[in-house]
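Take a look at the structure set out below.
The values are calculated or read from the model by the stated rules, or taken from the named source; none is laboratory data. This structure is a prediction, so every number in the text was calculated from the model and none was measured. Positions of Cβ are backbone-derived with ideal geometry, glycine not excepted, and every protein chain shown enters the neighbour counts. Protein only, heavy atoms only, side chains kept; ligands, DNA and RNA dropped before computing areas. Shrake-Rupley method; radii C 1.70, N 1.55, O 1.52, S 1.80 Å.
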Amino acid sequence: MQFNVEINGQKVIARRGETILNLLNRNGINVPTLCHLNGFIPTGSCRFCSVEVDGMTDLVPACSHQAEEWMKIQTHSPRVIKARRTILELILANHPEDCLYCGRSGKCELQILANELNIRERKYKTRNKNLQVDRNCPSIDRDPNKCVLCERCIRVCNETIGVSAIEVVGRGSSSSIGTSLNKGLNLKACVKCGQCIMVCPTGALYEKPTYSKVIEALSNPELYPVIQFSPTVAVSVAEETGIKSGKDVVNLLRKAMMNIGFKQAYDTSLGADLMIQEIAEELNHRIISKNTLPLFTSCCPSWVKYVKDLKPELQDRLATVKSPHLITGNVIKNYLLAKSGIPAEKVFSVSVMPCTSKKYEITLQQNIKDVDAVITTRELIRIIRFFGIDFSVLEPEPSYSSSTIRSSAGVLFGTAGGALEGIIRSFYYQVSGQEMTNYKILELRGMKGRKEYKLKIGKSVYGFASVSGLSNVKSLLDEIQSGRSDLHLVEVMVCPNGCINGGGQPFDASEKSIRSRIKMLYDTDEAEFIRVAHKNPLVNELYDQWLGKPGSEKSNQFLHTDLSN
Ligand code: SF4
């Protein structure tokens, strides 16, 4: 049902039930928002999006008010602008003036709003809050001085991730956003995924910085610095640095890393390929030995943490194989560089991840570390700018070395459902001795939070499920606990749509750009020569020369963990 509404003197067509905000955005008019989050039930609490409607005494929050047939709406009248400026001036009265030093500068929604509303000086001044920055968590720092009480972090943590690690603390005018008993973010409920960072409009939440440690390592002559990054990271760096589509992004990025001072740049897909082999073997073994099913994947450290801390009854169903970047780090130190006589202690191994949780994950390592530092995609982009890399004149690093051999099955790990697609290809081969006739599994693609697929091999049927956005796992776990027995393997990625939308990725990604990142991974899969992990020549060399076979004692020693940390 459609009807006419007047916006700023122009007639537009509205749909019955849509909010004023949606109507405005559909017609190319943006009004500022702060508490609003796409896809969530609006609260209308910040009032930034308020508009003037003829005949209504008060301004109306556009996010929570439906468009109605009789409405004449003013989006930027003097009264509206005055109200927005006052709201912002009151927020700024309590906000630190350290934009120059803030990691969010340039991407801060408050800064952008102040600029758009032409606020050039501080109108009201209150005493600096001087609250202590929470640095307890290995993945995420939280600066309560910069919090604007929009509650977006609470909503994402509660509704998308389903762990409620962040909450409103205190009452009335002294309430603030914090953690249970104000213990800091290093609490069991927090899975370190960083989705709160992605929705924070200011620099109140940010990844624990590792940037300086990496730059120091690059100028330490005692160290042999190497780096790995996943195709997910390459896709996002291309987006942020304006690398034109059609360019060889992975090899351009490798070249940039060598120019910066890294001795080698590896592709994390190698670790993903090894993980595929190990999980396919573990699944096959469990089925044959009638062990507990379904098996759960272990590639997402936030999911592993969730199981260990909040669902320990599921721990015996969790795969023990390490995550792809730890496996890649292990292979780099213990095989690839060891072959060239470079001692593991000398190697400083950096992994660039779309993920904040991997910063937490590496703190669980013992003795000789697989990975010495994790930086997010955002930190890598900062390093690239720091070193003045100009991609427009760079030539790709030729890709023929062991650092680049991968299969496109490993590439798919970046998107939810992708790890399953990769594992199914090798599982099918392990069980039947034949290749699948069609590698593409449409049932596991798309942006749904839960996807399922049944694979038929001979007379047997195997069930697979992919879940992304941790809150979506609860209904599946209930079904399994109530006796559902048709599933053999479940992939859980805590971030919605998987790592492509991880907590370490560039800010402001629209649904359209997430779709296009996912498409780039699937396009890579279609275009690549080796599409199954078991045909990756480097993976085969590693098993032949070093590890034996998937599931062997040596594989267990180097590629698996006992989950006790
Ligand atoms: Fe990290 Fe990916 Fe898990 Fe998100 S889904 S926490 S980015 S591993």
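Data overview
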| quantity | calculated |
| --- | --- |
| Any hit, the range 541-553, residues being within 19 Å of Q430 (Cβ to Cβ) and either within 16 Å of the ligand (Cβ to nearest atom) or modelled with pLDDT under 90 (or both) | no |
| Condition met for K440 (surrounded by fewer than 24 Cβ atoms within 10 Å (Cβ to Cβ) and within 16 Å of the ligand (Cβ to nearest atom)) | no |
| Those residues of the range 515-565 which are more than 29 Å from K339 (Cα to Cα) and open to solvent by 30 Å² or more (accessible area, probe 1.4 Å), in sequence order | R515, S516, K519, M520, D523, T524, E526, A527, S564, N565 |
| Selection from the range 457-469 of residues that are in contact with a Pro (Cβ under 9 Å, 6 or more places away or on another chain) and either more than 16 Å from the ligand (Cβ to nearest atom) or at negative phi (or both) | G463, F464, A465, S468 |
| Residue in the range 499-508 that is open to solvent by 50 Å² or more (accessible area, probe 1.4 Å) and free of Cβ contacts under 8 Å to residues at least 24 places away in the same chain present | no |
| Matching residues in the range 481-534 - criterion: being of a type in the set (G, A, S) and either more than 19 Å from F464 (Cα to Cα) or within 16 Å of the ligand (Cβ to nearest atom) (or both) | G498, G502, G503, G504, A509, S510, S513, S516, A527 |
| Residues located in the range 91-103, provided they are in contact (Cβ under 8 Å) with a residue 60 or more places away in the chain and under 10 Å from D143 (Cβ atoms) | C102, G103 |
| Scan of the range 320-347 for residues that are free of Cβ contacts under 8 Å to residues at least 12 places away in the same chain and either open to solvent by less than 10 Å² (accessible area, probe 1.4 Å) or assigned to a helix (DSSP H, G or I) (or both), ordered by number | A338, K339 |
| Residues of the range 473-531 satisfying the condition of being over 14 Å from the mean Cα position of the chain (by Cα) and among the β-branched types (V, I, T) | V473, I480, V490, T524, I530 |
| Residue tally, condition assigned to a loop (DSSP other than H, G, I, E, B) and within 16 Å of the ligand (Cβ to nearest atom), over the range 407-437 | 3 |
